[in-house]
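Structure record follows, encoded as structure tokens.
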Amino acid sequence: MRLRMAARLVRGLLIAIATLGPAASVQAQDKKIKIGVIFDLTGPLAGGGSELEYLGTKIILDHFTKTGVEGYKVEAVYADAQSKPDVAINESVRLLEQEKVDLVLGFFSSAQCVPVAARVEQLKKFMWMTTCISSAVLADKNYKYVFRPQASGDQFGTMTMDFIAQNAKTKFGKEPSELRVAIIHEDGAYGVDVSKGNEAGAKKAGFNVVLKEGYSATAPDLSALVTKLKRAKPDVVFHTGYNPDITLLLRQAREQGLKFAALVGHGAGYGVYEKLKEGLGADANYLFDTDPISIWLANQKTMDPKLAPVIKMIGEEFDKVRPGVAIRSAHVGIGASNTYVFMDDVLPRAIKKYGGIDPEALRKAALDTDIPEGGTMLGFGVKFFGEGTPMAGQNERSFPVVIQYIDDKSSVVWPKSQAQREAVLPLPKGTTYSNQ
């Protein structure tokens, strides 16, 4: 009798387990994070670097879509900002309110990030920016749910001024006070912010600023600006632009016979060598670009060992999409690295330590991030300024580098701690823009 009762009890337990098993499995499978991803896939910003950042970001998200994160399935929902701030805002709201994504990630243009960040914060949702370097995105906003691991625009501007100042005597044979410099920039949030860093750096170095002027990135003609540059006769031109405005400026400079000793660019269009070469041919030689270091140029000996195979994977996946590219753009690595920090560091902590993926859990997890130098594929570390600070949400450990393009290769030339070769300064005699 007791044996029969025990057998019935066991059968009952087995039936209960069998009944609950599929439900428990379905419940586990239902744990999902939806990530809204916004870049410019059309319009002028696409070719200026946004599409390349999208590719780097997508490679990482595709990887985590296959593996999941701490039991959560990953679903990415993509949107095209079309190189327009109003579209970026509308798409962000659509993804959050209609697609019910758990956060928005990506973004290339600072002109988009300024209004989008304000709107996302207002909705009390979470935003992770891979680019958007303007300080205006975060300065004195005290946002709680907006984070940027990328270096800020003023760092770009001051870095390049220091680079030229430190090379003034040895390369140009002049004291910094004798160097004539021009600061030109597109007049959006991105260009204005970098130019402020240029101004601050020029003042610190003691440069003679002979021209400072902004222009619309969509201007059909920049010949008037070229004329002003010819009159100003700068030794060094510091330029912040996208593309095709970079190509337009330098083509018209060539036509009008503008000469200088060096041109130093700041990210965006200067970070897409293929576009520069397509528009300028051999005149893309010896141009400088300021950006976070390309993940393929970063020193892996001082990097977290787990990152080397990730960098290899990104390169292989990118080559499948864009075979035969002479130089893998730094933009690909920027999108990939900054997305990887979120997926590998912030998201797992939010789930394990703070119990989920709601904006509050993601915010707390981001504030806990403490990655030392060498802990990201871009070489820098990650630690965010906290609430109540002037740049809350900004990575305080980020920094850019200066690279130079020579014969279809890019090399880091500044700062010295990261340099792979000496910078070629001034422009070699006989090259199109050389004033030698």
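Counting alpha carbon pairs within less than 8 Å and at least 6 residues apart, what relative contact order, in whole percent, applies to region 255-314? Working shown, then result.
Numbers: 33 pairs, mean separation 18.5, N = 60.
With pairs under 8 Å counted, the relative contact order is 31 percent.
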remark   = Projected onto the charge dipole of region 343-436 (unit charges on the beta-carbon of Lys, Arg, Asp and Glu, signs +1, +1, -1, -1), the Cα from Gln404, Leu427, Pro390 with the largest positive-side position is that of Leu427
ask   = When the accessible area of the chain is computed with all protein chains present and a 1.4 Å probe, what percentage of it is carbon and sulfur?
value = 52 percent
task = Ignoring everything but the protein chains, give the 1.4 Å probe accessible area of Lys73 in square angstrom, nearest 10.
result = 120 Å²
ask   = Which value, in debye to the nearest 20, describes the size of the charge dipole of region 285-436 about its Cα centre when Lys and Arg Cβ atoms bear +1, Asp and Glu Cβ atoms bear -1, and nothing else is charged?
value = 220 debye
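Averaging over every viewing direction, what projected area does the convex hull of the Cα atoms of region 66-120 cover, in nm²?
Result: a mean projected hull area of 4.3 nm².
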query = Which of Phe64, Gly191, Ser329 sits farthest toward the positive end of the charge dipole of the chain, with +1 on the Cβ of Lys and Arg and -1 on the Cβ of Asp and Glu?
reply = Phe64
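Tell me, what is the percent relative contact order of region 128-220, built from C-alpha pairs under 8 Å that lie six or more residues apart?
Relative contact order for region 128-220 comes out at 32 percent.
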message = 5 Å is the cut-off here: which amide hydrogens, built 1.01 Å from N in the peptide plane, fall below it relative to Arg397, excluding neighbours closer than 5 in sequence?
response = Lys383
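All other residues with a Cβ under 14 Å from the Cβ of Tyr433 taken together, and with Lys, Arg as +1 and Asp, Glu as -1, what is their net charge?
Local charge sum for Tyr433: +3.
When the solvent-accessible surface of protein heavy atoms is calculated with a 1.4 angstrom probe, in what order do Lys301, Lys100, Lys32 fall, highest first?
If we order Lys301, Lys100, Lys32 from most to least accessible, we get Lys301, Lys100, Lys32.
Counting Lys +1, Arg +1, Asp -1, Glu -1, what net charge surrounds Lys169 among other residues with beta carbon under 11 Å of its beta carbon?
Counting the neighbours of Lys169, the net charge comes to 0.
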inquiry  = Around Lys204, under 15 Å between beta carbons, what's the net of Lys plus Arg minus Asp minus Glu among the other residues?
reply    = -2
request  = Would you mind classifying region 277-426 by shape? Square roots of the alpha carbon gyration tensor eigenvalues, ordered a ≥ b ≥ c; an a/c under 1.5 is rounded, otherwise it is prolate if a/b is larger than b/c and oblate if not.
outcome  = prolate
key: Charge-dipole axis of the chain as Lys and Arg at +1 and Asp and Glu at -1 on Cβ define it, positive-most pick from Gly201, Leu287, Ser134   = Ser134
ask   = About its Cα centre, what dipole magnitude does region 39-148 give when the only charges are +1 on Lys and Arg Cβ and -1 on Asp and Glu Cβ, stated in debye to the nearest 20?
value = 280 debye
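What is the dipole size for region 115-176, taken about its Cα centre, with +1 at each Lys and Arg Cβ and -1 at each Asp and Glu Cβ, in debye to the nearest 20?
The calculated dipole for region 115-176 is roughly 220 debye.
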message = Between region 79-114 and region 289-336, how far is it from one alpha carbon centroid to the other, in angstrom?
response = 26 Å
ask   = Any idea what the relative contact order of the chain is, in percent, if you count C-alpha pairs under 8 Å spaced at least 6 apart?
value = 18 percent
key: Beta bridges per DSSP with both ends in the chain, % antiparallel, nearest 5   = 25 percent
ask   = Only one of the listed values, (i) 5, 22, 32, 27, 12, 3, 0; (ii) 4, 21, 30, 22, 11, 5, 2, 2, 1, 1, 0; (iii) 4, 20, 28, 25, 15, 6, 1, 0, was derived from the coordinates as P(r) over Cα pairs in 10 Å bins from 0, in percent; which label is it?
value = (ii)
Residue-averaged 222 nm ellipticity for the chain, from DSSP H runs of 4+ at -39500 (n - 2.57), nearest 500 = -13000 deg cm²/dmol
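The values are calculated or read from the model by the stated rules, or taken from the named source; none is laboratory data. Being a predicted model, the structure only gives us computed values, none of them experimental. Note that we place each Cβ from the backbone using ideal geometry, even for glycine, and neighbour counts take in every protein chain shown. All accessible areas refer to the heavy atoms of the entire protein, side chains included, with ligands and DNA or RNA removed. Shrake-Rupley method; radii C 1.70, N 1.55, O 1.52, S 1.80 Å.
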